[in-house]
Amino acid sequence: MRELRRDPVIGRWVIISYERGKRPSVEYEKEPENDSSKTCPFCPGNEHLTSSEIIAYRQAGTQKDKPGWWVRVISNKYPVLGIEGSIKRYGEGMYDRMDGIGAHEVIIETAEHKKELPDLDDKRAEDIIWAYRDRMVDLKKDMRFEYILIFKNRGKAAGATLVHPHSQLIALPMVPVRVRQEQSGAKSYFDYKERCVFCDIIVQELSSPERVVSENDDFVAFCPFASRFPFEMWVMPKKHDSQFDDIQKPEVSSLTQILKMVLSKLNRLLGNPPYNYLLHTSPLRVSKVPYYHWHIEIMPKLTKVAGFEWGTGFYVNPTSPEEAAKFLREVE
Ligand SMILES: [Zn+2]
Ligand SMILES: [Zn+2]
Ligand SMILES: [Zn+2]
């Protein structure tokens, strides 16, 4: 079967090409087994191997850059952008240049070398979400930054260089194009219908829940209609909010619950696949808006993006989101 589907937010077309009832063949690179906590720079006792901590949630009486923490945020040793300097733009004929200013931080999610978010107890797992929020609130005060992206690369094929569970944060001096596309797609939908496109998606998905994987009081997780990748999932707050950093205590706990649930389903169904997730929220200098709705996109890395995708911006997805959601619902 083959079908073309259009993403209602940014208008991107996706080719869903699938055989009914067939799981995608999963052939991803397995992780190296030689990785040990003795040499791991993110393990307690090895704090001297990383840059000094920015914040940490740690036991009272323990020292900075010493063991006793359960979440620790450091700057990335190999930052893609540097924190020092001012935002200067230069022209060179018709071309534009800008200094590479930005913040690049690593959120070490746990002191335990191999405990992923679904394996952590609730309080510890919630603290990962609090760390995301705390860093966002703090970096937002730096007026040089326009956007903050929080993301996770899990597994070598998804770009992770270390096994120890961690996420990353990048603060940018501009709003990246993917985010701008989403913002402007959502804005046009709002101008036309006077409703938030994401709120509408939630209503539609819940009213005929064939793509819903899980829901609780505050969040819903589903495989989006125009999924680019097999088992792609979006996690959205049911209540409209354009900014992630508005999140309050009860929502932090519901978000943790649903993330633990869907990530462990993904792990069980596909045998700990590599994946990326990313958190999309409003640009920093945009105050609350009625047309945008923050969310998390989870993208397992099971297929390769190749020439056709690069050349057209189309994606070819061999597993329909309806089937993906069914498999995910069924796995414990
Ligand atoms: Zn480690
Ligand atoms: Zn909304
Ligand atoms: Zn998004």
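Do we find that Ala186 is in contact (Cβ under 8 Å) with a residue 12 or more places away in the chain and not in a loop (DSSP other than H, G, I, E, B) in this structure?
Details: in contact (Cβ under 8 Å) with a residue 12 or more places away in the chain: yes; not in a loop (DSSP other than H, G, I, E, B): yes.
Here the answer is yes, as Ala186 does meet what is asked.
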Here are the criteria: (1) of a type in the set (Ser, Thr, Tyr); (2) away from ligand 3 (no atom under 14 Å from the Cβ); (3) without any contact (Cβ under 8 Å) to a residue 60 or more places away in the chain. Tell me which single one Ser242 does not satisfy.
(2)
Pairs where the first residue, in segment 26-52, is under 14 Å from His166 (Cβ atoms) and more than 16 Å from ligand 2 (Cβ to nearest atom) and the second is open to solvent by less than 60 Å² (accessible area, probe 1.4 Å) and modelled with pLDDT under 65, C-beta under 6 Å, 6+ apart
none
Could you please tell me which pairs satisfy a Cβ distance under 6 Å, a separation of 6+ or placement on different chains, a first residue in segment 89-104 that is closer than 23 Å to Ile54 by Cα, and a second residue that is open to solvent by 50 Å² or more (accessible area, probe 1.4 Å) and of a type in the set (A, V, I, L, M)?
Ile101/Ile87; Ala103/Ile83; His104/Val80
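Residue-wise test of (1) surrounded by 21 or more Cβ atoms within 10 Å (Cβ to Cβ); (2) of a type in the set (Gly, Ala, Ser).
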| position | (1), (2) |
| --- | --- |
| Gln248 | no, no |
| Leu255 | yes, no |
| Tyr277 | yes, no |
| Lys288 | no, no |
| His293 | yes, no |
| Ile298 | yes, no |
| Gly307 | no, yes |
| Thr312 | no, no |
| Pro321 | yes, no |
Might you let me know whether segment 250-258 holds any residue that is touching a residue at least 12 places away in the same chain (Cβ under 8 Å), more than 16 Å from ligand 2 (Cβ to nearest atom), of a type in the set (Val, Ile, Thr) and closer than 23 Å to Tyr147 by Cβ?
yes
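Can Ser227 be described as away from ligand 1 (no atom under 16 Å from the Cβ), part of a loop (DSSP other than H, G, I, E, B), open to solvent by less than 40 Å² (accessible area, probe 1.4 Å) and out of contact with any Asp or Glu (no Cβ under 7 Å at 6 or more places or on another chain)? Can you show your working first?
On the way: away from ligand 1 (no atom under 16 Å from the Cβ): yes; part of a loop (DSSP other than H, G, I, E, B): yes; open to solvent by less than 40 Å² (accessible area, probe 1.4 Å): yes; out of contact with any Asp or Glu (no Cβ under 7 Å at 6 or more places or on another chain): yes.
Yes, satisfied.
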Taking the condition of being within 27 Å of the chain's Cα centre (by Cα), of a type outside the set (A, V, I, L, M, F, W, C) and more than 30 Å from Asn267 (Cβ to Cβ), how many residues in segment 81-118 meet it?
5
So, in segment 163-208, how many residues would count as being open to solvent by less than 50 Å² (accessible area, probe 1.4 Å), within 25 Å of Tyr147 (Cβ to Cβ) and of a type in the set (D, E, K, R)?
2
Can you name the residue in segment 1-50 that is open to solvent by 50 Å² or more (accessible area, probe 1.4 Å), hydroxyl-bearing (Ser, Thr, Tyr) and at pLDDT 65 or above and is also nearest to Pro273 (Cα to Cα) among such residues?
Ser37
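The values are calculated or read from the model by the stated rules, or taken from the named source; none is laboratory data. Keep in mind that this is a model prediction, so the values were computed, not measured. Here the Cβ is made from the backbone with ideal geometry for all residues, glycine too, and neighbour counts use every protein chain on show. The accessibility values were calculated without ligands, DNA or RNA, using every heavy atom of the protein model including side chains. Shrake-Rupley method; radii C 1.70, N 1.55, O 1.52, S 1.80 Å.
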